[in-house]
Amino acid sequence: MRTFPFGRHNRLTTVALVASAAALTLSACSVSGGSGSTGGKVTLTFLSHYGQEPLKSGLTKLIDQWNSTHPDIQVKQQTVSFDDLLTTLNVRQTGGKGADILSSYALWGGQLAATGVLDKPSVDVASDIKNNYSQAAADAVTGDTGQVFGYPTEFNTYVLYYNKKILADAGYNKPPTNWAQLKEIAEKTTAKDSSGNYQIEGLSLIQDGDNQTAHPFLSLLDAAGGKLLDAKGNSALDAKAMSVMQLESELAKSGVTTTSIMPTKTFPSNRVAMAIQASWWIGSLKEQMKEDYANVGTAPVPGPEAGEKGSLAYAFFTGVNSGSKHKKEGWEFLTWLNSAKNKEGVTEMGDFLAGNGLIPPRKADAAILGPKLQAKDANLTPIYDAASYAMAESNAANAYKAKTSLHNSLNEILVNKAPVDQIFKSLASEINRK
Amino acid sequence: MTGLYANTIRETASQLDAVMGLSAPSRAPSQRFRREGRAGYLFLAPSLLFFTVFLILPSFFAIFLSLSQWGGYDLTQITFIGVKNYSDILSFDGTFVSPILVNTLVFAALSVVLAVAGSLLVAQCIERLRFQGFWRFLYFLPVVATVVAIGNVWKMMYQPSGLINGLLNALHINSVGFLSDPKIALPSVAVVQAWASIGAAVLILTAGIKAIDRTVYEAAEIDGANSWQSFWGITLPLLRPSLLFVFITQCIAGLQSFALIIVMTKDGGPVNSTNVAAFEMYQQAFKFGAWGTASAMAMALFVIIFIITLVQLWVSRRAGDDD
């Protein structure tokens with residue numbers, strides 16, 4: 001009596017196993033559905049977040065240039081917003097529709113490399129990146145095992161932006177060079193109305209987008225000589241990190257910094273005295289502030305003592321999907337995009353980046369374009385200088401998760417005024433839990 | 001009596017055998033049942049296939065993943081790690097138990113209470129109005145609208161310069177940071193969740209109210225009961241099955257809420273105050289590539305929903321709503 005139902009169960013189990021195996025095999029086998037090949041002509045798909053002007057038309061111009069000179073390897077753009085880039089990349093990859101060429105934030109590089117999404121570049125490409133790009137840019141796109149993810153593209157460093165007029169009105173004609181001065185100037189420049197609403201925020205420690213409180217903190221941490229993560233993604237938080245948290249806590253408690261004011265909106269209207277921000281910001285400040293841009297100054301992010309300075313450097317990279325059927329063609333295109341030089345001897349990518357207010361990560365491009373651009377705008381000098389000493393943002397497999405934990409912990413300090421030692425301990429254990 | 005019954009069965013069976021030409025009396029029904037069984041399974045096959053592919057297999061895969069470490073994409077990289085994911089997420093020094101699970105339960109409780117109370121009030125009011133169909137249609141509209149549209153409209157109304165703060169300012173009340181104050185961000189989103197789900201609940205409760213026998217109200221009226229007494233003594237007890245259904249479905253929807261959170265607060269902020277389990281699962285899987293952790297969280301949420309639903313059913317059965 002009991003053999004019959006068991007036999008039926010066995011059959012059902014077999015059917016279920018076969019169905020699941022088939023479903024899983026199908027999903028595993030179809031890693032890349034991006035590229036196509038007809039009659040010897042290869043079409044590569046290129047997923048990026050350059051979907052808005054002027055970056056979109058700038059990149060389209062370069063791709064059109066490639067397509068017109070390489071009829072056998074055509075490149076087709078796919079763009080999404082930055083907020084959707086990682087999710088799109090994940091979903092398409094899982095669904096077997098991953099693009100052949102990927103533009104990715106270097107922070108995600110370790111995660112993508114660990115899961116086998118990224119193809120390893122050739123020795124020539126890897127050595128070109130290691131030797132000819134600025135140290136911070138090369139570090140940002142190199143994993144803990146030495147794997148290079150791809151060519152560095154968007155490259156940013158962090159500096160202290162300050163409003164010369166607000167500082168002068170408070171009696172200061174120079175930006176702060178250590179933390180004591182930073183606190184003093186922030187306190188003197190902060191102004192509130194009778195209801196307690198901010199008229200001028202002394203120091204902003206937050207920014208738009210995904211980075212929020214993390215990048216200003218990491219810039220101060222580098223200035224103090226500390227790190228967030230070691231090469232394996234474990235917590236590297238120490239007394240130096242505790243001192244930065246303490247600094248931010250004191251600034252928040254004294255009311256000279258707040259997360260309720262977004263500097264991208266208020267700094268241009270002369271309502272923020274100082275802000276730690278990325279280099280890309282300079283372009284939008286010029287556009288928004290017009291004549292008032294003359295009030296803007298930049299300086300290195302100060303360390304605890306005079307003479308100490310630091311910065312965070314982050315980058316994007318363009319790499320090739322390991323599941324692509326046309327990896328060789330993908331690298332061929334990327335090598336052209338990042339190496340082919342124009343009449344001025346600058347790479348197409350370097351020219352494109354500099355034209356959009358970003359630092360060209362290739363040293364030769366920066367050497368040609370840097371002095372020209374700095375001659376036009378002295379505020380670019382601290383930004384270009386920072387490329388030589390900035391700490392590259394970690395790209396360990398758990399870096400994104402660790403950065404999100406850092407942001408939440410900093411918000412506890414800045415918004416909820418939580419005790420620093422408690423937050424410090426819980427952040428370290430959260431990071432190490434991976 | 002028993003012997004007579006047995007004889008009748010035997011006679012009927014032998015007559016059936018004679019008609020169908022079967023020599024062995026016990027094989028005929030067995031073969032027929034098998035044939036019918038096969039036909040039944042054949043008819044069920046499309047539904048079974050659907051459930052197997054989209055429900056059973058993913059469920060087993062999720063259970064397996066919850067005991068593994070996996071970054072996504074490559075199935076050969078799944079590593080079995082036992083209950084480590086569970087011990088990590090259920091650790092009290094982590095963020096999943098508090099604030100994420102606490103937020104999830106508070107959010108569900110607030111949205112359920114507001115939605116059930118609101119829908120009961122609206123259903124009761126509609127019952128006394130003319131053009132009932134129009135009013136039901138009006139309250140059902142948010143159910144048809146997309147969560148993204150609802151979330152964005154409310155987000156604008158909650159802004160410091162938005163409609164609600166404008167009204168408060170007109171009454172000489174200071175602006176409220178509905179979505180920027182960690183203390184009130186979660187209740188602010190729960191209000192929207194409740195508002196958006198009132199329409200469906202109103203339909204169910206209106207149908208429940210209409211099913212109550214009018215003569216019961218007439219008898220109560222003759223006995224001198226006022227409207228309030230009729231509501232407490234008649235409507236509410238007789239509406240209990242409908243209320244239970246609304247309660248359970250709203251509770252599950254509240255515990256699984258995700259889209260509204262991501263639209264209104266984007267990252268579960270400020271300071272994790274609106275981070276709920278479903279949103280954290282999404283972050284773990286699609287942002288951090290921690291599919292094992294995300295699956296363990298999904299299993300934890302499943303157990304919580306299962307227990308809450310069982311408790312609700314048990315409470316209801318004790319109160320006599322079995323039918």
What number of residues within the range A:179-198 are more than 19 Å from A:VAL415 (Cα to Cα), in contact (Cβ under 8 Å) with a residue 12 or more places away in the chain and surrounded by fewer than 21 Cβ atoms within 10 Å (Cβ to Cβ)? 2
Residue identified as surrounded by 13 or more Cβ atoms within 10 Å (Cβ to Cβ), more than 26 Å from B:VAL106 (Cβ to Cβ) and more than 14 Å from chain A (Cβ to nearest Cβ) among B:GLN132, B:GLN193: B:GLN132
Test A:ALA354 against the stated conditions and say whether it is touching a Phe, Trp or Tyr at 6+ places or on another chain (Cβ under 8 Å), of a type in the set (Gly, Ala, Ser) and more than 14 Å from chain B (Cβ to nearest Cβ). no
Contact list, first residue from the range B:221-241 and surrounded by 13 or more Cβ atoms within 10 Å (Cβ to Cβ), second anywhere and β-branched (Val, Ile, Thr) and assigned to a loop (DSSP other than H, G, I, E, B), beta-carbon distance below 8 Å, six or more apart or interchain, is B:ILE234/B:ILE212; B:THR235/B:ILE212; B:LEU238/B:ILE212; B:LEU239/B:ILE212
Testing A:GLN246 on (1) surrounded by fewer than 21 Cβ atoms within 10 Å (Cβ to Cβ); (2) out of contact with any helix residue (DSSP H, G or I) (no Cβ under 6 Å at 6 or more places or on another chain); (3) at pLDDT 95 or above, one condition comes back false. Which one is that? (2)
Pick out the one residue from B:LEU44, B:LEU22 that is modelled with pLDDT of 90 or more and either of a type in the set (Phe, Trp, Tyr) or surrounded by 10 or more Cβ atoms within 10 Å (Cβ to Cβ) (or both). B:LEU44
Across the range B:62-80, what is the total count of residues that are surrounded by fewer than 15 Cβ atoms within 10 Å (Cβ to Cβ) and either at the interface with chain A (Cβ under 10 Å from one of its Cβ atoms) or in a loop (DSSP other than H, G, I, E, B) (or both)? 3
Let me spell it out: the conditions are (1) surrounded by fewer than 17 Cβ atoms within 10 Å (Cβ to Cβ); (2) among the hydrophobic types (A, V, I, L, M, F, W, C); (3) closer than 26 Å to A:ASN156 by Cβ, and A:VAL123 meets all of them except one. Which number is the exception? (3)
Checked pairs for the range A:58-70, first closer than 13 Å to A:ALA340 by Cα, second of a type in the set (S, T, N, Q), C-beta under 8 Å and 6 or more apart or across chains, list as A:ILE63/A:GLN77
Breaking point among (1) at pLDDT below 95; (2) surrounded by 21 or more Cβ atoms within 10 Å (Cβ to Cβ), for A:LYS376: (2)
Expected single match for among the small types (Gly, Ala, Ser) and either under 22 Å from B:VAL246 (Cβ atoms) or modelled with pLDDT under 85 (or both) among B:ALA149, B:ALA123, B:ALA62 is B:ALA123
Residue, nearest to B:MET281 (Cα to Cα), within the range B:81-95, restricted to residues that are more than 10 Å from every other protein chain (Cβ to nearest Cβ) and among the aliphatic types (A, V, I, L, M): B:LEU90
Could you give me the residue pairs with C-beta distances under 9 Å whose first residue belongs to the range A:167-178 and is β-branched (Val, Ile, Thr), whose second residue is surrounded by 14 or more Cβ atoms within 10 Å (Cβ to Cβ) wherever it lies, and which are 6+ apart or on separate chains? A:THR177/A:ALA299; A:THR177/A:PRO300; A:THR177/A:PRO302; A:THR177/A:GLY303; A:THR177/A:GLU308; A:THR177/A:LYS309
Complete set of residues in the range A:255-303 that are farther than 26 Å from B:LEU179 by Cα, of a type in the set (Val, Ile, Thr) and over 22 Å from the mean Cα position of the chain (by Cα): A:VAL296
Which of the residues belonging to the range B:100-149 are more than 30 Å from B:VAL271 (Cα to Cα) and of a type in the set (Ser, Thr, Tyr)? B:SER119, B:TYR139
Among the candidates A:ALA252, A:ALA236, which residue alone is among the aliphatic types (A, V, I, L, M) and within 14 Å of chain B (Cβ to nearest Cβ)? A:ALA252
Enumerated helices (runs of 4 or more DSSP H) restricted to the range A:374-434, each holding at least 3 residues that are within 11 Å of chain B (Cβ to nearest Cβ): A:399-414, A:420-433
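The values are calculated or read from the model by the stated rules, or taken from the named source; none is laboratory data. Treat the numbers as computed from the prediction; the structure is a model and nothing was measured. In this analysis, Cβ positions are derived from the backbone assuming ideal geometry, glycine residues included, and neighbour counts consider all displayed protein chains.
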